[in-house]
Amino acid sequence: MTANRRQHLSRHTAAARWRRGLATLAAVAMLAAASACGGEATSAASAGEPWGTNTVMPADFAKELAGAAGQDKPIVVCTAPAFLYRVAHIPGAVLHGPASDPSGLSSLTTWAQTLPRTTSLVIYCGCCPMRDCPNLRPAYAALKGLGFTRVRVLLLADSFRADWIERGYPIER
C-alpha cells in the first residue's frame, strides 16, 4: 500500500469516527431536549443553576399546597411582571415586581427582611422558558443572601401558562 493510500484511509477512518461521535452527541442532545420539552426538569438540569436541587415540580407543588396548612404552608412569591400576575397567579402568591428590575428586587428584599429566616418560600416566574428567565436568579440569590434556609424554585420549564394553568393547577385572578 502506498503512503498516499494509507494517509487517505487514515483520514477516512478519522472522519468516520468524528461523524459517529457527532451522531452520538446529537442523539444525547435530542433526548435531553425531549425530556426538557416534556416539562420534566431534573436535578441534573438544575445543577448548574444557583438553586441546585432546591426545587419543586408543578404537580408536587400543587399537591403540597392542597394539603398544607398553618406553619407547613410555604409562602409563594411571584417574581414575574405585574401584568402577568394580574392575568393569573398561584393562589395566595405575593408579588413585589420582577426581580430583574431594581425596584422589584428592592421591594422583595425589604418585604423578606421582616420574615424569619426559616420561613418556607417557593419562588416562581413563568414569564418565559425557565432557561431564559431574568427574574428567578436574582430573586433566589437575594433571598439566600439574606440568610433564608428554605427557599425553593418552582420548575416551570416553558411558562406559567403551559406548565401550571394548562395542566389545571389552581389559580387566582
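For every residue, the table says whether it meets (1) assigned to a helix (DSSP H, G or I); (2) on the phi < 0 side of the Ramachandran plot; (3) surrounded by 16 or more Cβ atoms within 10 Å (Cβ to Cβ).
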position: Pro91; (1), (2), (3): no, yes, no
position: Pro98; (1), (2), (3): no, yes, yes
position: Leu105; (1), (2), (3): yes, yes, yes
position: Arg117; (1), (2), (3): no, yes, no
position: Gly126; (1), (2), (3): no, no, yes
(request) May I ask you to say which residue of Ala93, Ala80, Ala99 is farther than 18 Å from Arg137 by Cβ and among the hydrophobic types (A, V, I, L, M, F, W, C)? (result) Ala93
(request) Please tell me if Arg131 is outside any loop (DSSP other than H, G, I, E, B), exposed (fewer than 15 other Cβ atoms within 10 Å of the Cβ) and either modelled with pLDDT under 95 or out of contact with any Pro (no Cβ under 6 Å at 6 or more places or on another chain) (or both). (result) yes
(message) Residues to consider are Phe148, Phe83; find the one that is hydrophobic (A, V, I, L, M, F, W, C) and surrounded by fewer than 13 Cβ atoms within 10 Å (Cβ to Cβ).
(response) Phe83
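The values are calculated or read from the model by the stated rules, or taken from the named source; none is laboratory data. Please read all numbers here as calculations on a predicted model, not as lab measurements. Counting neighbours? That spans all protein chains shown, and the Cβs are built from the backbone with ideal geometry, glycine included.
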